[in-house]
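Heads up: the structure comes next, in structure tokens.
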Amino acid sequence: MRILILILFLMSVAYSQPPIEPGVSQDLAKWRAARYSDVRYKLGLTLEKMSPVLKGTMELRLNVRDAATVGRGDAVIVLDWRKIKGHEEKSTISNVSINGRVLSSALRRQDSRNPGSERNERTPPEGGTQNWFEESNEHLIFRDGVIAGENVITLDFTSPILASGSAITRYIDKEDGSEYIYSLFVPSDASTAFPVFDQPDLKARFSLSMTVPGLWRIITNSPPPDKIKAAVTRWIANDLAGSQVLEGRYTQEFLETKPISTYVFAFAAGPWAEVEDSNAAVPAAVVGPSRPHARALVNPNAAAGRLRDSQRDAGATYGARAFVNSHAAAGRLRDSQRDAGVTSKIYVRKSQLAKFQPHAAEVFRLNREGIKFLEEYFDYKFPFPKYDIVLIPEFPFGGMEHAGATFLRESAVIFPSEPTANDQISRANVIFHEAAHQWFGDTVTMKWFDDLWLKEGFAEFMAYKTLERVMPQYNAWKAFYERNKPLAYATDSTKGTTPIYQEIKNLSAAKSAYGNIVYRKAPSFLRQAEFYLGPDKFQTAVRAFLKKHEYANAEWKDLVAEFETYGMRPLTDSMGLTPAEVQLHRKGESVRVQNWALLWVASRGSSRIKLMAKDLPGGQGSFEFVQEDILGQANVCRPLKFNYLVGYSDGRRESDDVELDCINESRQVTRPNKNGKYSNVSFIFPNSQDYGYGIFLLDDKSRDYVLKNIQNEKDDFLRSMMWGSLWDSVREGELDPKEYVELAIKVLSPAFRRPDSITPGAARSERQPPKGGTQNEGGTQNAIETDELTIQTILGRVSTAMTYYRSEPGAVATGSPDLGLRNSDLGLERKATTNPQSQIPNPRSGRPVATAQGSDLSSRLESMLIENMRSAPTLGLRITYYRAFLNIASSENARRMLKEMLSQQSVPPAVAGGSSSRDKNPPATAGGTDSYPPLPLKTKDRFDIVTKLASLNDPDAEALLKDLEKTETSDDAKRYAYAAHAAFPTKETKEKYWNDFISGKDISESWIESALGPFNSVRHADLTLPYLERALKELPNHKRNRKIFFVNGWLAAFIGGQKSEEALAIVNKFLADNPDLDRDLRLKILENVDVIERAVKIRGKFPNVRQAF
């Protein structure tokens, strides 16, 4: 009897309603998922011009399971409803009913039934009802009137529309005054817009109708019905001046969605221009309300504004009359395109339509071919009825995969500067990434945000598989290595790293799960999984996973179960095994796959794999790969499978695979050298095709070979990995950073000639000069390394070395994502200089102007960049070198050149026959002159230059910025100018911007993020050091109120703007003084402070860096 009572007690505890706490606890989510099903939201939303609130009605239908079947306690419905701090009055609930019974809101008091918690006092107003709902701790709780089976809740609500810090954002286009409004609910902000079950595993069907001003378009997850049911009224009157619009409003209904999670429900509204694919079954068009009385149909490949002949006069003049909703045309297009693939449109601000036109055809091609590949790979047609893309200005991140309606950052698609190969890849990547999410994330969704990697890791991995198919010229897996792996290792080698699977007890902490682990390590794990299981088995398992969990939710163990099923090593008939032995084999294979996945997904950190090679008795040699945990964790061994390459002194090469399976916790594997002694080996290169994950360090002999011969390696991918292995040696303290910088200057210098590795002492040029290039005394005049992505990666590492790994400042400046203004200290504190002008203070700041020429190494680096940005053989290379020069420039000569470039609005080319001659046959220019074509500078480039000059404390910077602000008045230009002002090194500037950062409620996050880098230039570390602790104290507030990536950027700027032991001490003291700091924030700090810790260690190990740099 006692046992029965105990069992019943435990059941009541397990199934009783969990405590109602702020946010969405995992306990509450599990409790609700066990009780609620068949959820449907019917939303009626109203947007009014410049209204501070969204107005709406909601009908919520859900099935509540019989309380007796799920545990003790009365039936109850708990909705999430969170008010934004500082704007609580804008969030209201009214006219609430359940199952036809009107409810009143109760008053809150201490709950005597549950000491320490709160409940609502049920004191009915005079003449009121006895039916109640409670509002407590960011939730609405319904008890009265709840029944087993279907329940219907109706209510009216309002919620805030803000410029920043809300789920519904307003953007005012300063170029034409247009208003745009969009939603962004990820990860759990839908509950600040309307009451919902804001958890990913309570998927729901959404029905939406929206009422908006008459000239606005609405984009949401579903299309409107083919036959427009809503009455559409627009009154338009024309006057002689053109068109004066007297607007009404109209209401548009949309079809019910498939089951989706709340965070992928979305809408955008405003006077968007609509662009259709010119390669679709129906001829493409641009339908934009740039002239509200005309529906201008434009081919995306044509100039903006050109009308088709048949449409030129259509609708040119209207009296006051009803105007047909332009979405009706969309319905007709869908009918004729159903057999031609998913319908896709792109929406862009009408003021930016002309800028988008040159990009339209390529963006549509990438999207169209990307979806086609994904459908083939997954063996699964596009899962939603249409797929729109909306280009959102100042969107807080690159893209968001709303089901059937992806939002992309406008500047990620419309390049603000002349693009490089890396820019082209970045744009393709975000398009492919968000498209892949339509399957991984929207169709199959993780049950909880601890499995965030299931959607983000897969989307990123599939983006590169798509890149491999759609853009083969970019060598997708080389790009993956250069763009993903360094970021993954940079985080995973710090004390702040986390497992791929991140435990999250409350969705209030879900934002912290976003970062390099889920975006960079997770896809690296999947690439290794494909190699580990085999491409065919991996693909089969992925297809099975998608089909099994479509329009539902899954966990990482569900994916591993498919890996187990399809990834086992096969048995052959020749083995002659008994049935028992076969069963044992299968069980062993299952355990092998489970252990492999568990160690990679659920454990933190990565491995350091050291190569050890030696000669053995009998004339043979051996290679030993030894694994150790990079964080020093005991008893951690990760199963690894990778390949390695052996190069011999006679030029032969061979490769093989090796598997470190950790059987009996073994952390090493020995391979015999099949071709003789180690003394005959020139180098051994582990992980030569980058399937493995970890820090693979070379032995001394191999590293020496790479240092001497990297320029001779013809394989672009392997050569890039060699550069990466040398950088790993720098970060691990094995290689002096000066050697890396010297090697980069040597290989990238235009006059460099390769030493002949076959005939010592001779020199040769392995590659023919590019078309139009020349040879000079047997050597090419262009740099040996010509791969844009590799060069960009090398120069980024050089900037880090010059910024952080030297004891005294030199002539380098690096920093923010736009400019690189946070990664250096350029010598403003020097007490003496050979140039007396350096002591002349800037009249604005009183600080000395940066005029020092820097060390010999700094000067040679600067000179190399100048030569290459003027005369590199391709436009992409010139842009790459220009950006690196802008990042590194600081000398008086460099500042003079920057001002010359600003004046000419271009990078001056090298002129054939002159002192900068590079080419006897340069590319022809428009004017027919014998020179390289100039590199034009766009608005962003010009602001970047002025921002750099401000950071360098140039006396002309303030006047140049004022002049630029007069001529450049676009929305983007205003943001660039705001960031540029943050770069001036004065106490007043820093204090003003700090106040903006923490108190500027009307300043959008994109403006703040753009200013964080210039504010935190390492050059200004003495001015910003007092803000370091204050910045750390702001983290809990930012975690609650800012968008996903804001905390990451905030820490990277304020910690990355320092490199001293004093700054390190401040961070460590803050951590020690705040033991109750949220764990996720503590880990973020530890991740970011690694840059200072590592710099201090490297400077301590190579004290000669003081003189070398």
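Structure values in brief
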quantity	calculated
Helices (runs of 4 or more DSSP H) within region 984-1027 that include 3 or more residues without any contact (Cβ under 8 Å) to a residue 12 or more places away in the chain	987-999
Residue within region 333-350 that is part of a helix (DSSP H, G or I) and at pLDDT 95 or above present	yes
Pair list, Cβ under 9 Å, 6 or more apart: region 1078-1089 residue under 12 Å from Leu1032 (Cα atoms), other residue among the small types (Gly, Ala, Ser) and not in a helix (DSSP H, G or I)	Arg1082/Gly496; Lys1084/Gly496; Lys1084/Gly515; Ile1085/Gly496; Leu1086/Gly496; Asn1088/Gly496; Val1089/Gly496
Selected residue (only one of Leu898, Leu865, Leu857 is within 21 Å of Asp423 (Cβ to Cβ) and either part of a helix (DSSP H, G or I) or more than 28 Å from the chain's Cα centre (by Cα) (or both))	Leu865
Failed criterion for Glu965 (all others in (1) surrounded by 19 or more Cβ atoms within 10 Å (Cβ to Cβ); (2) in contact with a helix residue (DSSP H, G or I) (Cβ under 7 Å, 6 or more places away or on another chain) hold)	(1)
Cβ-Cβ under 7 Å pairs, at least 6 apart or on other chains, region 361-386 side over 27 Å from Phe254 (Cα atoms), far side modelled with pLDDT under 95	Ala361/Ser278; Ala361/Pro300; Ala361/Asn301
Any chance Leu546 is hydrophobic (A, V, I, L, M, F, W, C), at pLDDT below 95, more than 26 Å from Arg731 (Cα to Cα) and surrounded by fewer than 23 Cβ atoms within 10 Å (Cβ to Cβ)	no
Yes/no for Lys746 being assigned to a helix (DSSP H, G or I) and either of a type in the set (D, E, K, R) or closer than 27 Å to Asp657 by Cα (or both)	yes
Residue within region 167-185 that is under 19 Å from Ala29 (Cα atoms) and not in a strand (DSSP E or B) present	yes
Any hit, region 474-485, residues being buried (at least 21 other Cβ atoms within 10 Å of the Cβ), among the aromatic types (Phe, Trp, Tyr) and farther than 18 Å from Leu718 by Cα	no
Filtered residue count, region 1058-1095, keeping only those that are closer than 13 Å to Glu1029 by Cα and part of a loop (DSSP other than H, G, I, E, B)	2
Extreme residue, nearest to Ala269 (Cα to Cα), among residues of region 350-367 that are small (Gly, Ala, Ser) and surrounded by fewer than 18 Cβ atoms within 10 Å (Cβ to Cβ)	Ala354
Any hit, region 369-389, residues being under 18 Å from the mean Cα position of the chain (by Cα) and of a type outside the set (Ser, Thr, Tyr)	yes
Residue in region 932-955 that is in the same structural domain as Ser863 (by TED's automatic domain parsing), modelled with pLDDT under 95, over 27 Å from Ile1008 (Cα atoms) and among the hydroxyl-bearing types (Ser, Thr, Tyr) present	yes
Boolean, Glu126 is surrounded by fewer than 17 Cβ atoms within 10 Å (Cβ to Cβ), under 19 Å from Arg82 (Cα atoms) and either at pLDDT 50 or above or charged (D, E, K, R) (or both)	no
Conditions (1) at pLDDT 85 or above; (2) outside the structural domain of Lys701 (by TED's automatic domain parsing); number of the one not met by Ser590	(1)
Complete set of residues in region 368-412 that are of a type in the set (Asp, Glu), surrounded by fewer than 20 Cβ atoms within 10 Å (Cβ to Cβ) and part of a helix (DSSP H, G or I)	Glu369, Glu375, Glu376
Considering residues of region 603-628 that are touching a Pro at 6+ places or on another chain (Cβ under 7 Å) and at pLDDT below 90 only, the residue surrounded by the most Cβ atoms within 10 Å (Cβ to Cβ)	Phe625
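Let's see how each residue does on (1) hydroxyl-bearing (Ser, Thr, Tyr); (2) within 23 Å of the chain's Cα centre (by Cα); (3) surrounded by fewer than 23 Cβ atoms within 10 Å (Cβ to Cβ); (4) in the same structural domain as Ser951 (by TED's automatic domain parsing):
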| site | (1), (2), (3), (4) |
| --- | --- |
| Glu988 | no, no, yes, yes |
| Gly1000 | no, no, yes, yes |
| Ser1004 | yes, yes, yes, yes |
| Asn1016 | no, yes, no, yes |
| Glu1029 | no, no, yes, yes |
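Table: residues versus (1) part of a helix (DSSP H, G or I); (2) modelled with pLDDT of 95 or more; (3) surrounded by 24 or more Cβ atoms within 10 Å (Cβ to Cβ).
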site	(1), (2), (3)
Asp423	yes, yes, no
Ser426	yes, yes, no
Asp450	yes, yes, no
Trp453	yes, yes, yes
Thr494	no, yes, no
Ser508	yes, no, no
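For (1) under 27 Å from Arg878 (Cα atoms); (2) small (Gly, Ala, Ser); (3) crowded, with 19+ Cβ neighbours inside 10 Å, each residue gets a yes or a no:
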position: Asp944; (1), (2), (3): yes, no, yes
position: Lys948; (1), (2), (3): yes, no, yes
position: Thr969; (1), (2), (3): no, no, no
position: Glu1009; (1), (2), (3): no, no, yes
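Residue by residue, here is whether (1) crowded, with 18+ Cβ neighbours inside 10 Å; (2) modelled with pLDDT under 50; (3) touching a helix residue (DSSP H, G or I) at 6+ places or on another chain (Cβ under 6 Å); (4) in a strand (DSSP E or B) holds:
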| site | (1), (2), (3), (4) |
| --- | --- |
| Ile219 | yes, no, no, yes |
| Asp226 | no, no, yes, no |
| Ala230 | no, yes, no, no |
| Arg234 | yes, yes, no, no |
| Asp239 | no, yes, no, no |
| Gly242 | no, yes, no, no |
| Thr257 | yes, no, no, no |
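The values are calculated or read from the model by the stated rules, or taken from the named source; none is laboratory data. All figures in this text were calculated on a predicted structure; none of them were measured in a lab. A quick note on method: Cβ atoms are made from the backbone with ideal geometry, for glycine too, and the neighbour counts reach across all protein chains shown.
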